[in-house]
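Enquirer: Below you'll find the structure I mean.
The values are calculated or read from the model by the stated rules, or taken from the named source; none is laboratory data. Every value quoted in this text rests on a predicted model; they were computed, and no experiment measured them. All Cβ positions, even for glycine, are placed from backbone atoms using ideal geometry, and neighbour counts span all protein chains on display. Note: accessible area is taken over every heavy atom of the protein model, side chains too, but ligands, DNA and RNA are not part of it. Shrake-Rupley method; radii C 1.70, N 1.55, O 1.52, S 1.80 Å.
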Amino acid sequence: MTRTAIQLYDFPLSGHSHRARLMLSLLGLEYETVPVKLADGEQKQPAFLKLNRFGQVPVLVDGESVVPDSNAILVYLARRYGHGDWLPADPLGEACVQRWLSAAAGPLAFGAAQARLHKWRGEPLDYELAANRARALLQVMDEELAERPFLAGAAATIADVALYSYTARAPEGDISLQPYPHVRAWLARVEALPGFVAMPAVKS
């Protein structure tokens, strides 16, 4: 049996993993999914730690290249397979994208993502702090998306892929999207992109 060149170590309900799956699908790339059993602590075992010493999913393996971290995977895929369409090469364009990658790793991860984790799995954390962070980010996104169709400009970039998953699933953390019409319109635009794949919903 021929092994697929690209492998993605992931967990289906992880928004970070969904970013990578979404990018692979938008690029039309074939890949093999390698599920990681987070509940069993597989991500902290020696075999997985060789791929990512932080012990986190996702990890992309492309031949001899091993790329941990969802945002790093987006950058890698865009540069390797995106033909310049998903990550601008000019300094200002790339900086605009990087701004949103920082938001994905900061207020999104510690806002909507944590609020969802608390409601879904009862993780002990400050829910109100996470919810306030989520709403503050959504307000900024809504104001900026009132000025342009996508986060970093007129066309979709990896910035949109990085912010989509946990924003779309914010209601699973009891964060309503109703006050943010431009965010909701943006979500629809992302979902209309050729190759889009949805993030699985948490079953209540």
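Enquirer: Quick check: is even one residue across region 41-56 open to solvent by less than 20 Å² (accessible area, probe 1.4 Å), touching a helix residue (DSSP H, G or I) at 6+ places or on another chain (Cβ under 7 Å) and at pLDDT below 95?
Expert: Within region 41-56 (the criterion being open to solvent by less than 20 Å² (accessible area, probe 1.4 Å), touching a helix residue (DSSP H, G or I) at 6+ places or on another chain (Cβ under 7 Å) and at pLDDT below 95), the answer is yes, since at least one residue qualifies.
Enquirer: Restricted to region 21-32, and to residues that are open to solvent by 30 Å² or more (accessible area, probe 1.4 Å) and in contact with a helix residue (DSSP H, G or I) (Cβ under 8 Å, 6 or more places away or on another chain), which residue is farthest from residue 83 (Cα to Cα)?
Expert: Checking each candidate, the answer is 31.
Enquirer: Looking at (1) more than 17 Å from the chain's Cα centre (by Cα); (2) open to solvent by less than 30 Å² (accessible area, probe 1.4 Å), can you tell me which one residue 14 breaks?
Expert: So the condition that residue 14 fails would be (1).
Enquirer: May I pose another question? (1) among the hydroxyl-bearing types (Ser, Thr, Tyr); (2) under 15 Å from the mean Cα position of the chain (by Cα); (3) over 22 Å from residue 194 (Cβ atoms): which one isn't true of residue 65, the others all being true?
Expert: Result: residue 65 passes all but (2).
Enquirer: If you don't mind, another one. Considering only residues that are out of contact with any strand residue (DSSP E or B) (no Cβ under 9 Å at 6 or more places or on another chain) and touching a residue at least 12 places away in the same chain (Cβ under 8 Å), which ones fall in region 47-64?
Expert: The answer is 55, and nothing else.
Enquirer: Now for a separate question. Go through region 177-192 and count every residue that is open to solvent by less than 60 Å² (accessible area, probe 1.4 Å) and either assigned to a loop (DSSP other than H, G, I, E, B) or β-branched (Val, Ile, Thr) (or both).
Expert: Going through region 177-192, the residues open to solvent by less than 60 Å² (accessible area, probe 1.4 Å) turn out to be 177, 180, 183, 185-188, 190.
If we keep only those that are either assigned to a loop (DSSP other than H, G, I, E, B) or β-branched (Val, Ile, Thr) (or both) too, we end up with 177, 180, 183, 190.
The qualifying residues number 4.
Enquirer: Further question on the same structure: Kindly provide the set of residues from region 35-70 that are closer than 15 Å to residue 14 by Cβ and in a strand (DSSP E or B), ordered by number.
Expert: Listed by number, the residues that qualify are 35, 59, 60, 68.
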